[in-house]
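So the structure is just underneath, and the comments pick up after that.
The values are calculated or read from the model by the stated rules, or taken from the named source; none is laboratory data. Since the structure is predicted, the reported quantities are computational estimates derived from the model, not experimental observations. So basically every Cβ, Gly included, is an ideal-geometry build from the backbone, and we count neighbours across all protein chains shown. Remember, those area values only see protein heavy atoms, side chains included, never the ligands or the DNA or RNA. Shrake-Rupley method; radii C 1.70, N 1.55, O 1.52, S 1.80 Å.
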Amino acid sequence: MHFARNFFKKSILPHIELIAALLSGAIILLTWLLADHLTSQIWITLHLLAFIIGGYAKAKEGIQETIANKELNVEMLMIFAAIGSAIIGYWTEGAILIFIFALSGALETYTMNKSNKEISALMNLQPEQATLIEGKDEKIVPVSKLKVNDRIQVRAGERIPADGVILNGSTAIDESAISGESIPINKKLNDDVFAGTVSLDGTIQVEITKPSHETMFQKIIQLVQSAQEEKSPSQLFIEKFEGTYVKVVLLVVTVMMFLPYLVFGWSLSESIYRAMILLVVASPCALVASIMPATLSAISNSAKKGVLFKGGVHIENLSHVKAVAFDKTGTLTKGKLVVTDVHLKDTLHQEDILVAVEAIEKQSTHPLAKALTTYCQERVNHKQSPNVEAMKTIGGNGVKATLQQHEWKIGKAEFVGEEEAKEFQGGILNTLASQGKSVIFVQKDNEIVAAFALKDTIREETKHAIRLLRKNGIHTIMLTGDNELTAKAIATEAGIDDYIANCLPKEKVTHIKQLKKQYKNVAMVGDGINDAPALATANLGIAMGEGTDVALETSDVVLMKNNLDKITNAIKLSKRMNQIVKQNIYFSLSVIVVLIFTNFFQVIDLPLGVIGHEGSTILVILNGLRLLR
C-alpha cells in the first residue's frame with residue numbers, strides 16, 4: 001500500500017495532465033474506429049467522457065481564474081468552442097479540440113515542472129546531516145543545528161553541508177552545483193568551500209563561516225524561486241492583452257453567427273458553423289504560450305550555468321544593454337592586495353628586514369599590512385618574531401615601532417620623507433606608481449631600507465570577459481576610487497574602453513545616470529556595499545556572487561563564483577530567448593490571421609481549424625523548450 005502511494009505520488013501525479021490528455025485522445029481514436037458498431041448514445045457518451053477527462057484540468061483553471069480576476073481568458077474560449085461544436089453536432093471535432101488543448105497545456109505544465117525540478121534537484125544536493133567535531137569526538141548532527149565557528153569533517157565523496165574555510169587537509173572539489181563548471185578545483189588550507197559541493201578525493205576539516213540558511217547554495221535556491229514568479233514585460237503585456245482580446249473574439253463570434261446569414265445569404269447552420277471555427281482559430285492560445293515557457297527555460301538554463309536572474313524582466317533586458325560599468329576592487333580585480341615587487345637597499349640583510357616588517361605588520365589589521373605579513377612569512381623560514389615595542393598607527397600614513405632598540409617606520413612616501421622616497425633606488429617610486437601599484441617604504445633609524453610594491457591583481461577571466469563584451473559592441477567603463485595613475489594602469493591592463501578615477505559611491509550614481517543618458521541601457525557590475533546605490537540606479541544591476549548581502553539584494557542578476565565570463569554567456573542566452581519569443585509571437589499571429597481569413601472564405605473546416613490552431617500552440621511551446629539545452 002505504501003509502495004503504491006509513493007509510486008502514484010512520484011510517477012503518476014507529476015504527469016497527470018499529460019496522462020489525462022493522452023487518455024482523452026485514446027478514447028476519441030477508439031470511438032472513431034468503432035463508430036459503425038456503436039449506438040448514438042454510447043458514441044455521445046464516449047465523446048462526453050473524452051471531454052471531461054481531457055478538459056477537466058483546463059476548465060477548472062479557466063473557471064477559477066475567471067472568478068478570481070473577473071476576466072474571461074483563453075481557457076474559457078476553448079470551453080465555449082468545444083461546447084459550441086458539440087451543440088451543432090461536431091462532437092468529434094470538439095473532442096479533438098479539447099484533446100489538443102489539453103496536450104498543449106500538459107506541455108506548458110511540463111515546462112514549469114522542469115523548471116521547478118531544477119530547484120528540487122538543487123535542494124536535494126543540500127545534505128541534511130554533518131559530522132561535527134567536538135574536541136576528540138565526532139557526532140552526526142542535522143545541518144540546521146550547525147553554528148558559525150563549528151568544526152565539521154567532510155570525507156572523500158561526501159557533499160559539503162555548509163559554507164566554511166578549510167582548517168585541515170586538502171581535496172579536489174566539484175563545484176558544478178554552484179558555478180556550472182564541471183572541472184574540479186583543488187582546495188587547500190584556508191581556502192573557502194561551499195555547501196552543496198563535493199569533496200572528491202580527500203578528507204578535510206572545515207570551520208563554518210555562515211549559518212545553514214545563509215549559504216551561497218541557499219541564495220541560489222531563493223533567487224531562482226523568486227525569478228520564476230516574476231514575469232517579463234512581454235509576458236505582462238500579453239496577459240493584459242488577453243482579457244480584451246477574448247471579449248473582442250466573443251463579440252465577433254456572436255456577430256458571425258448571424259451577419260453572413262442576413263447579409264451574404266449563407267444558411268444559418270453554415271453561419272453558426274463558421275462562427276464556431278472562428279471561436280477556435282481566433283483564440284490566442286499560441287500567443288499566450290509564446291513567452292512563459294521560453295522565459296522559464298532560459299532562467300533554469302542560466303541558473304545551472306552559474307548566472308541567477310531575479311525575474312524574466314531582467315533576462316529579457318540583458319540583451320538590450322549597450323554599456324557595462326564595472327567596479328574595480330573585487331569585481332575586475334580579486335580584491336586582495338599582493339606584494340608584486342620588493343626593492344632593498346642592502347640585499348645582504350634581506351631576511352632581517354623581512355623579519356622586522358613581518359613582526360610589526362602582523363600587529364595591524366590594515367589590508368596592506370596583511371599583504372606584507374603574508375609575503376614576509378613565506379620567506380623568513382619561520383623564524384621567531386622579535387618583540388615589538390611602542391607600536392603606533394599613524395592614521396592614513398603607516399605605523400612606527402621600536403624593534404631591538406631600532407626605530408622602524410613603515411608607510412607612505414610622505415611618512416618616511418617624500419624627497420628620500422623619490423630618490424630611493426634611482427626613483428623607483430614613479431616607475432611603480434605608473435604601473436598602478438601602491439608603494440610602501442620601510443625606514444630604519446631615519447634611513448629607507450626597502451620599498452614594497454603592492455597591487456590588487458586582475459582576475460584571470462577579466463581580460464577575456466572584457467574582450468568578449470567589446471567584440472559584442474558593448475562599451476566598457478571602470479568606476480574606481482583609485483587615483484588617476486592606478487586607474488589608468490588597471491584599465492589598460494584589463495582592456496577597458498574608459499575609466500573614471502577618484503569615484504566615491506555617491507559619484508558612481510551620478511556617473512551611471514550620465515551613462516544612461518548616453519547609452520540608454522547600462523548595466524553595473526559590483527560586489528560591495530558602496531556599489532549598491534549604483535547597482536540600483538543602473539538599468540540592470542549585476543552582483544558578484546561572493547559580494548556583500550546588500551549588493552546581492554540590490555542587484556537584478558548574480559554571477560555565482562565571481563566569474564565575469566558568465567556575463568557574455570548570459571547576454572547570448574538573453575538574445576537567444578528574445579529571438580525565440582519573437583519567432584513565437586510572429587508565428588502565432590500569422591497562423592491566427594491565415595486561419596481567420598481562410599475560415600471567412602469557407603476554405604477550411606472545423607477539424608483543420610482545430611489542428612492548425614492547437615498545433616501552432618504546441619509548436620511555440622516546443623520552440624521555447626529549446627532554451628533548456
- When only Cα pairs under 8 Å and 6 or more residues apart are kept, what is the percent relative contact order across the range 335-466? 28 percent
- Order of 86-94, 251-259 by packing, highest average Cβ count within 10 Å first? 86-94, 251-259
- Once the Cα atoms of the range 241-353 are picked out, what are the Rg and Dmax in Å? 33.1, 112
- Message: Skipping prolines and chain starts, which residues have an amide H placed within reach, meaning under 5 Å, of the one on ASN168, given they are 5 or more residues away or on another chain?
- Response: GLN205
- For the range 429-505, with every protein chain kept in place, what is the accessible area per residue (1.4 Å probe, Å²)? 43 Å²
- Note on the structure: For the chain, percent of DSSP beta bridges that are antiparallel (nearest 5) comes out at 75 percent
- Cα convex hull volume per residue for the range 347-490 (Å³): 134 Å³
- Ordering of 271-280, 311-320, 618-627, 130-139 by burial proxy (mean other Cβ atoms within 10 Å per residue, highest first): 271-280, 311-320, 618-627, 130-139
- Taking Cα pairs closer than 8 Å and at least 6 residues apart, the relative contact order of the chain in percent is 14 percent
- Reduced Cα scattering model of the chain, Debye log10 I(q)/I(0), q = 0.06, 0.07, 0.10 Å⁻¹: -0.49, -0.63, -1.00
- Determine the gain in length on full extension of the stretch ILE52-ARG470; use 0.36 nm per residue of separation and subtract their C-alpha separation, reporting nm with one decimal. 144.8 nm
- Query: Dipole size in debye (nearest 20) for the chain around its Cα centre, Lys and Arg Cβ +1, Asp and Glu Cβ -1?
  - Reply: 900 debye
- State which helices in the chain qualify, where a helix is a whole DSSP H run, it must extend 24 Å or more along its own axis by its Cα atoms, and its mean Kyte-Doolittle hydropathy must be at least -1.0. 16-33, 40-69, 91-124, 233-259, 565-600, 606-625
- Is the shape of the range 19-64 best called rounded, prolate or oblate, per the rule: a/c under 1.5 gives rounded, else a/b larger than b/c gives prolate, else oblate, with a ≥ b ≥ c the square roots of the Cα gyration tensor eigenvalues? oblate
- Message: Rounded to the nearest percent, how much of the accessible area of the chain (1.4 Å probe, protein heavy atoms only) is carbon and sulfur?
- Response: 57 percent
- Note on the structure: Surpassing 24 Å at the alpha-carbon level, of the pairs LYS322/LYS463; LYS139/LYS305; LYS422/LYS463; LYS147/LYS328, are LYS139/LYS305; LYS422/LYS463; LYS147/LYS328
- Any aspartates and glutamates with Cα under 19 Å of the LYS247 Cα? List them, leaving off those in the same chain fewer than 8 positions away. GLU61, GLU65, GLU71, GLU75, GLU239
- Using modelled backbone amide H atoms (1.01 Å from N, in-plane), which distant-in-sequence or interchain residues come within less than 5 Å of TYR499's amide H? MET478
- Using helices alone, what [θ] at 222 nm do you get for the chain, with -39,500 (n - 2.57) per DSSP H run of 4 or more residues, divided over all residues and rounded to the nearest 500? -17000 deg cm²/dmol
- With a Förster radius of 22 Å, plug the Cβ-Cβ distance of LYS513 and GLU484 into 1/(1 + (r/R0)^6) and report the FRET value to the nearest 0.05. 0.50
